[in-house]
Amino acid sequence: MVYISSPNPFKEFMSTATLIPNNLVTTPTDITVIQTATCQSIVSQGYAVDATFTAGNQLQVTDNSGTIFSQITIDSTNNTIAGIATALNAFPTQGLWSVIASTVTDSDGIHLVLTTTRTGLNALMNVVTVDTVDNSLDGLQVTSTGAETTNNTYGIGSSIISTTPNTNGNGTGPGWTQTSPGADGGISVLLYIGSATNVFASAIPGWQGADVIITP
């Protein structure tokens, strides 16, 4: 039994009901894809190809709970943007969530590119620097948060980033750019069912708890 009082009832209904396997919904429906689930991808500001970072500092890639999924300590083998990308890819994968690091070079230098391996807001990334020696890594800091997509009336989230410009002068830009947001997927299911009362018994065949009651 599902009690509906919100302006967008099927959002509440869909979060409550459970689909019974191998039992297809047969009620005529109008299904609209609101957005597809995507992986987050971000690109750093540009650096000189031969720019180096101070050994001893640490760079971490974390999720929004602070769990560390990749981390490296800067040394002579990884103290460039290309070296950081290689070192992050070599870090042992933690569970099902990790990042793929690569680089791209254009007119303003070499950029670090990070892409999550899993879709949705549960796989957003942050780049954290631990300034053991100095602040030479600080231009690679970035924080991701989830927010409702612009003009999205369904409350389905998509990521935005907050970034800090390079404070040690090595970089050529204002920080990171998000080229692909991490986003949850979402659909809208509209059904056209009549009833003499506000009780709609077995409103959606194939869904457990499919009786819907509209309340004021």
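Okay, here's what the table says:
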read-out	value
For residue 180, residues with placed amide H under 5 Å, excluding near neighbours	41
Quotient of C-alpha Rg and 2.2 N^0.38 Å, computed over segment 52-100	1.14
Förster radius 41 Å - calculated FRET efficiency between residue 50 and residue 97, Cβ distance, rounded to 0.05	0.80
Inter-site label distance for residue 177 and residue 145 at 7 Å from Cα along Cβ, in nm	2.3
Calculated FRET value between residue 104 and residue 65, using beta carbons and R₀ = 30 Å, to 0.05	0.55
Inter-probe distance in nm under a simple model that places probes 7 Å from Cα toward Cβ, at residue 119 and residue 160	2.3
Approximate spin-label separation residue 36-residue 58, in nm, with each point projected 7 Å along Cα-to-Cβ	3.9
Ranked packing of 123-129, 75-81, most packed first, by mean Cβ within 10 Å	123-129, 75-81
Peptide ranges 105-116, 132-143 listed from the most packed, as the mean C-beta count within 10 angstrom indicates	132-143, 105-116
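Here, each number is a calculation from the coordinates, and none is a lab measurement. Just so it is clear, the structure is predicted and the values come from calculations on it, not from any experiment. Positions of Cβ are backbone-derived with ideal geometry, glycine not excepted, and every protein chain shown enters the neighbour counts.
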